[in-house]
Every structure is written in C-alpha cells, then in structure tokens.
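The values are calculated or read from the model by the stated rules, or taken from the named source; none is laboratory data. Here the structure is a predicted model, which is why all the values come from computation and not from measurement. As a convention, Cβ positions derive from the backbone with ideal geometry for all residues, glycine included, and neighbour counts pool all protein chains shown.
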Amino acid sequence: MVSVVHSVAAQGDFEQFLATLVAGLPAEDAAVLTRAVEYAWQSYGERTLGSGERIWSHALGMAVIIAGLKLDVESRIAAVLFAIPSTEEHGIVRIEEQFGEPAAHLVGGVSRLNKLHPITKGFMAANIEAGEVNPAEMKVQVEVLRKMLLAMVEDIRVVLLRLASRTQTLRYYADNPGDLRMPVARETLELYSPLANRLGVWELKWELEDLSFRFLHPETYRKIAKMLDEKRSEREQFIVEAVARVRQELEAVGVKNPEVYGRPKHIYSIWNKMHKKGVEFSEVYDVRALRIIVNDLKDCYTALGIVHNLWTPIPREFDDYISNPKGNYYRSLHTAVRCPDGRGLEIQIRTQEMHRHAELGVAAHWRYKEGGKRSHEDDYDEKIAWLRQLLTWKDEVADSSDWVAHYKQAALDETIYVITPQGKVVDLPHGATPVDFAYRVHTDLGHRCRGAKVGGQLVPLNTALETGQQVEIITAKVGGPSRDWLNPSLGYIHTKSARTKVRAWFSNLALEETLSEGRALVAKELQRAGQTAANIDELAHKLGFSRADDLYIAAARGDLNQRQFQAVARGGDLPGEALPPDEVVARPSKPVEGNQGILIVGVDKLLTQLARCCKPAPPDDIQGFITRGKGISVHRTDCPNFANLAALHPERVIETGWGTQTTGVFATDIIVDAYDRQGLLRDISEIFTREKLNVIGVNTQSKQGKAHMSFTVEITNLQYLQRTLTLIHEVDGVVGVRRA
C-alpha cells in the first residue's frame, strides 16, 4: 500500500523522506534521483500551484506515491521534475541533457496532460453544476475523456503520474480546504478513480474515492468512518482467525495451496453499496469480506460447502456466476454468511483462471464495477487488458524501453480525441480533418465551415487532426460545402458520414435548381399558350405526373413533349398519337459514336443516349433511366440528377453497363480552380495538346485574382484522363482540378 503522507512540507526528517523516494533502486539510480530532487528544490523555490500547494511539496508527494507503486527511477525523476517546463524556459531540453531522454519524455507527457486539464475540468464542472447535460450524455462524455487521457500518451507511466498528482492534490486538500476542493473531488470520482480502477491501480483508486467522498459528503463519511473504527481491531482479528480457519478446513479435505485473504472495504465502497441497495450499514455484509482462490472448478464448490458448514448462509445472498456468468463473462461464487456474533461476512470463491479474467481479461472487472453494460468495444477492451498486464509486469521489466515497446502495441491509436472550444471531447477516426470534426459536431456547422483553428492557429481544412488538440471552426453565415471536399485526392474528408452529408447537400441543391429551372420553363409554356392561370396540379395529372414537381423536373430535363403540353394546357386531351405516360418508346436504332458497347440488361436494341449532366465514360459505374419518348438516358451512378430521378421514379431505373468492346470517344468536363495569372490558360492548353486530347468546349471566369475554368474534352477512357488531371494539378497556380 502507498504510504499516506498528507503534507510533504511538514516532514521534519528530510533524510528519511529521501530514503523513501529511493527505496528499491540501485545505488547509481538513487544518486541520479537525489540529484533531481536537488535540481527541483533550486528551480521551484516558493512557487505554488493553482490549489495553493507549493510545487515543491506536490512534486515530492507525487514521487513518494510513484515510489510506493514501485515504478522505475525515470518515473520518480519525472514526478520530481513535473513542473520544470512551467518554471524554466526550455525545461524539457534541460531535463534531457541532465537526466536523459526517457525522463524528459515522461515530463513532456505530463505537461501535455496538464495543459488539457483546465479545458476538460471547465466543461465537466460547468455542466455538472448547471445541469445542462443529462446524466446519460455526461456519462458518455466522461467515458470519452477517459479514453482520450489514455490515447494522448505514448507511455502508460504518464497516466500513472497523472493519477499520482491527483492523489497528492486530494491529500493537500484534506488539510487545506479551498474553493476548488469540491469540483476537484467531483471530477476525481467521475474521471480519475474509474481510470485507476480500469488500470488495476487499486492503491490509488481506493484513496482517490475515499478522499473525494470525504469532501463531497463529509457528514456521511464521518458517520461510516465512526462505525468502522468502533470495531476495527475486533474486525481485523476476526478476519485473521477466519482466514486461518478456512485455510485449515480446505487443506483437510485435500484442496491444494488455497489462497485465502481478507478484502478491506473502503468507506466509499460501503456507501456506494448502501446507496445502490437502499440498505443500512448493518445490512452491508461485505464490511467483512474474504476471497478464496483455488486451482480447480470442483474446489470452488468444495470451498462453498465448507464455508456454509462453518457459518450460516444468509438467504438470497448467494450468486453462482460460474454456472451463470455475467454478460462480461465474469465468473465467481458470491455468498454471504451469518457469523456467531450476528454480523455478516461476504465471501468470493473462484479459480486462478477466473481471478485472472476478473482482474485482467477483456477489462471485465471495471465494467462490472462501474455498472456499465457490455458494448461492442472488444478491441478497446483488449487494449485495456494489455495495459493492466503491463502494470502487473512492472516489477519484472528491467529496461523501460521494453515497457514502452509493449505499451505501443496496446496504444489506443485507432481513434483520435479532439476538443471543442466549449471543452467537449469529440472522438473521430484516425486521419480525420477539421471538416470531419465540423460535421461530427453538427451538420449545419459542416455546411458553413470555411476555415479552422487548431490550438489557436489557422490550418488548412485538409489537415489531419491529432488527439488532444482544441479545434475551432470558422463559419460563414450562409452557404454550403465546396465540391472540392468530395475529391479524395485533396484529402478534405476522411469519414464516410461527412462525405454522405456533403453529397446529400449537393443532391438537394441540384434538385432545387432543377425544380427552379422547370418552373420557369413551365411558366414560359403556359404564357405562350395564354393559360397563365392554369391549375398546375391538374395539368400535371393530365400529363401523367403524380405531382407538380415531377412535371417541373421533366421540363428541366427535356423529357416533356411540348406539343402534348400545349394541347393539354389549352384544355384539350393528349394528341391521338401520344402514348400513355408510363409507356416507353423503344425503337431500334443504329449505334452512334460514343454509345457503342452500352448494354441494357434484359433488353435489346433500345435507343440510348449519354446524359449531358454527368457525361459518363468507361469505366464509370452507370445506370439507365427510362425517359418518355427518348429511350434510355445513361447516367453515372453518382449523378445528383439521376439520384433525384431514381428517388421519384424507382420503377424506371434499369440496370446498365459497358460492353466488352466499348469504342468511340466520350465527352467529359474538367474543372480547374487556380490563382489567376498571365499565361495560365496557355500552360493548361499545352497539356491538352501534349496528351492529344481534343478540347471541344472552354469556359473561363476570373474574379478577385481567382480563376475558375471549365474544359470539355473528348477521351476514350478515364484511366487516360487521370494522368491529365495530375499534370494540370502541377501547373503553377492551380489549387484544384477535378472531373465535373
């Protein structure tokens, strides 16, 4: 157990205190640590922390806790020198020069976590006090915070140093109440004690919980502490006698090498059980508790029989988690018995394998203790188990570099954790950008995103984010995303959800533009027919459309027969030769240049045409849409217009593909965005000439020093086009090039 030293500054015998710091270290390491203590004393002076505690006292208190955990000399040096980066310029460099790179690396890790702390603490305190976040949401947010703390460090010892620092802060507050004591205690119970529990650092977990509970609920704490102290010596003597008696009985029936020991119950744990079960102190049976660990499954039930023979079982207090494991596969026998003095005794019985699983396997124990439900996070759980195992190996690992190598195998690097300006933590996949972050926070924030600040500095929107960074999105009042964001080669979007939201925005935009264009065309035709007061819904129905919007889309796409429209608009019926609206005109046609090799699944000799809106070319994924009077219109599957048409008339979509002998040339549009300069158009045109591409259309616009160019070129396949796009992107001043 870690020695409880509430105030390092109050220690009169510093030599004895130093002996505690260097306990268990070789003479050479002890000398280096002593030199680090002297260096810290000279650097810190009388400086204090925000809590009011002297940095010097806090550093030595941390070091004592780290020494109690039997960590290596580098960890103890890092504890002593944790505040050097804040007291000295180039402090990390000086630590590396005088005490080595590993110690400097640990101090740097602690420093990064300390910079993060005010942000997360502010978020948690504000929302807990104001009640702005419901309990379920707060629980999720705190869980993300815990994961972020682990993900931010490259060495598990940094997390232990942070836990040691928090423990020392609570020890200081025990003797020096201050305004920050309550929020610090609350944050500890929410964030740090569960983290210590997950990592299996029981020595710190129990103290963190008890001290925090003492500050938050002083009356209840004193009441339970008094009830425990009244019978402490008697209780301890009972446990000693019970352990000896159970061990003797087990050995008498042939159970080999049983482990039997008492489990101390801490004040917070007792209160937690009273609170959850709604019982009084006298009904908490595990104030006195034993754990029995045996080698074989049959020995578990043998031990259970012996226990029930020694003491009277308490009804409804027996749970067989061996025959019926918990959801996290926690297995053990739990029972409570009544002793001759009338008090209860809780007993857990399990095998060595069950005990290892409870302590390390798939992080089962902490999910059970925190009352959480099993989730689909097996990979994360396995990594936590790795960390737990690393901590059990700390006495066996002689070289810290081995420890770091093992830790990196368990590094939680599949996910990054970044922070909003309000202190909320957002988890994103590795490689995510500010655009992904904006869409994760809110879809509208993503649409209006125009820039980003990371750590207060402006960065490009395709910058890959890292764990622990604070991200602020710069927005426009109105507007939408850029089409460049959908270009994979530019790296603006990494997550599928953000890409889907951007595509949906442009699909909706295309639909609105199509509807607007269609309304204008219909209004023009009505004006020509002298029927501006006509009922559009009735007109659409007569023409075979279910609603007016379908009529507008058909008009915009050129699928509306003007002669039919004029006849119906004047109050007549469809012309005699007109076909029912859902009938497809299918007549033989000779293949035309550019359409050769298009296959319509299940149909032969249908008139086909390549859609002008998306200009498909091999090997684009394509689909056909049955038009009224113009055969099959062939679109790219990612065409927004096709998506709108397919949504309105899914029955008119027909499977389409390229044949094995596709020939001819295909028109495609290339969009270039660049900073305008003299000779820009010439340089791009030279590339088309060198690549032997026929340019059949050019449209250029220049405004405020920026050029937007659109080229329509003829190609035989898209693989050939990619080389051209790459060459254009290398032209001086070009910032983006894409196929439209």
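Quick notes on this one:
- Scanning region 516-574 for residues that are among the acidic types (Asp, Glu), touching a Lys or Arg at 6+ places or on another chain (Cβ under 9 Å) and more than 26 Å from GLN609 (Cα to Cα) yields ASP537, ASP573.
- Restricting ALA104, ALA67, ALA36 to those that are of a type in the set (Gly, Ala, Ser) and free of Cβ contacts under 8 Å to residues at least 24 places away in the same chain reduces the list to ALA104.
- Residues in region 232-261 that are in contact with a helix residue (DSSP H, G or I) (Cβ under 9 Å, 6 or more places away or on another chain) and of a type in the set (Lys, Arg) were compared, and the one that is surrounded by the most Cβ atoms within 10 Å (Cβ to Cβ) is ARG235.
- Residue within region 705-712 that is buried (at least 16 other Cβ atoms within 10 Å of the Cβ) and over 18 Å from ARG483 (Cβ atoms) present: no
- Pick from region 672-697, criterion surrounded by fewer than 14 Cβ atoms within 10 Å (Cβ to Cβ) and β-branched (Val, Ile, Thr), ranking: farthest from LEU490 (Cα to Cα): ILE696
- Region 54-63, residues that are buried (at least 23 other Cβ atoms within 10 Å of the Cβ) and under 35 Å from the mean Cα position of the chain (by Cα): HIS58, ALA59, GLY61, MET62, ALA63
- Of the listed requirements (1) in a helix (DSSP H, G or I); (2) modelled with pLDDT under 80, TYR552 misses just one: (2).
- Candidates GLY451, GLY480 - the one that is modelled with pLDDT under 90 and not in a helix (DSSP H, G or I): GLY480
- For region 598-612, the criterion of being touching a His at 6+ places or on another chain (Cβ under 9 Å), surrounded by 17 or more Cβ atoms within 10 Å (Cβ to Cβ), modelled with pLDDT under 85 and part of a loop (DSSP other than H, G, I, E, B) is met by at least one residue.
- Verdict on LEU465 being in contact (Cβ under 8 Å) with a residue 24 or more places away in the chain, of a type in the set (A, V, I, L, M, F, W, C), in a loop (DSSP other than H, G, I, E, B) and under 25 Å from GLN722 (Cα atoms): no
- Checking SER165, SER193 one by one, the residue that is under 22 Å from the mean Cα position of the chain (by Cα) and modelled with pLDDT of 80 or more is SER193 and no other.
- Annotation note: Cβ proximity below 8 Å between a residue of region 314-325 that is on the phi < 0 side of the Ramachandran plot and a residue that is in a loop (DSSP other than H, G, I, E, B) and surrounded by 14 or more Cβ atoms within 10 Å (Cβ to Cβ) (sequence gap 6+ or interchain) occurs for TYR321/TYR330; TYR321/ARG331; TYR321/SER332; ILE322/ARG331; ILE322/SER332; PRO325/ARG331.
For every residue, the table says whether it meets (1) of a type in the set (Gly, Ala, Ser); (2) in contact with a helix residue (DSSP H, G or I) (Cβ under 6 Å, 6 or more places away or on another chain); (3) closer than 15 Å to ALA164 by Cα; (4) not assigned by TED's automatic domain parsing to the domain that holds ILE156.
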position: PRO183; (1), (2), (3), (4): no, yes, no, no
position: LEU189; (1), (2), (3), (4): no, yes, yes, no
position: SER193; (1), (2), (3), (4): yes, yes, yes, no
position: ALA196; (1), (2), (3), (4): yes, yes, yes, no
position: TRP202; (1), (2), (3), (4): no, no, yes, no
position: LYS205; (1), (2), (3), (4): no, yes, yes, no
position: SER212; (1), (2), (3), (4): yes, yes, yes, no
position: ARG222; (1), (2), (3), (4): no, no, no, yes
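- Matching option when the condition is at pLDDT below 85, closer than 22 Å to ASN114 by Cα and in a strand (DSSP E or B), among TYR407, TYR417: TYR417
- Only listed residue being in contact with a Lys or Arg (Cβ under 9 Å, 6 or more places away or on another chain), within 29 Å of GLU207 (Cβ to Cβ) and modelled with pLDDT under 90, chosen from ALA78, ALA67, ALA63, ALA83: ALA67
- Hits in region 69-108 - residues which are crowded, with 22+ Cβ neighbours inside 10 Å and small (Gly, Ala, Ser): SER75, ALA78, ALA79, ALA83, ALA103, ALA104
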